[in-house]
Amino acid sequence: MKKNKVTFWIATGIVSAIMLFSAIGYFTNPEMQEAFTQLGFPDYFRVELGIAKILGAIALLIPGLSYRLKLFTYFGLGIVAFSAIIAHIASNDPISMTMVAAVIFIALIVSYIYYHKLNPAVKA
C-alpha cells in the first residue's frame with residue numbers, strides 16, 4: 001500500500017508541478033507566448049490553457065475531491081498532454097520537446113492508475 005501511495009504522489013506531483021510551471025510561463029515568459037504564435041494558436045488560447053492547467057494541477061492535488069471531478073481533470077489534462085505531443089510533431093519541433101510532453105502524458109497515466117489502486121471503491 002505504501003508503494004502505491006508513493007508512486008501515486010510522485011507521478012501526480014510531477015504532472016502538477018509541470019502543469020503549474022508551464023502555466024505560469026504562459027503568462028510571464030515572452031518566449032512561451034511567441035511559441036504559441038509559431039504553433040499558429042491565437043493568444044486567447046494561451047490564456048485559456050494556462051488557466052485550465054492551473055485548475056487541473058490544483059484538482060489533482062486535492063485529496064477527497066469527487067470522483068467525477070477527478071475523472072474530468074485526468075481527461076482534460078490527458079487531452080492537453082496528448083495535444084502537445086501532436087502540436088510539437090506537427091510543427092517539427094525538436095524531439096526533446098515532444099518527449100517532454102510524452103513523459104507528462106505517461107506520468108498522468110501512472111497517476112490515474114495508482115489513483116484507482118488507492119481508491120478501490122471507485123469504479124474505473
For residue 41, indicate whether it is of a type outside the set (A, V, I, L, M) and at pLDDT 90 or above. no
Counting just the residues of the range 103-124 that are modelled with pLDDT under 95 and among the small types (Gly, Ala, Ser), which one comes out farthest from residue 42 (Cα to Cα)? 121
Limited to the range 93-115, what total is found for residues that are within 18 Å of residue 13 (Cα to Cα) and either surrounded by fewer than 14 Cβ atoms within 10 Å (Cβ to Cβ) or among the aliphatic types (A, V, I, L, M) (or both)? 11
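Look through 16, 22 and report the one residue that is at pLDDT 95 or above and either among the polar types (S, T, N, Q) or under 19 Å from residue 94 (Cβ atoms) (or both).
16
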Looking at residue 90, is it surrounded by 13 or more Cβ atoms within 10 Å (Cβ to Cβ) and out of contact with any Lys or Arg (no Cβ under 9 Å at 6 or more places or on another chain)? no
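The values are calculated or read from the model by the stated rules, or taken from the named source; none is laboratory data. In this text the structure is predicted, and so the values were computed from the model without any measurement. So basically every Cβ, Gly included, is an ideal-geometry build from the backbone, and we count neighbours across all protein chains shown.
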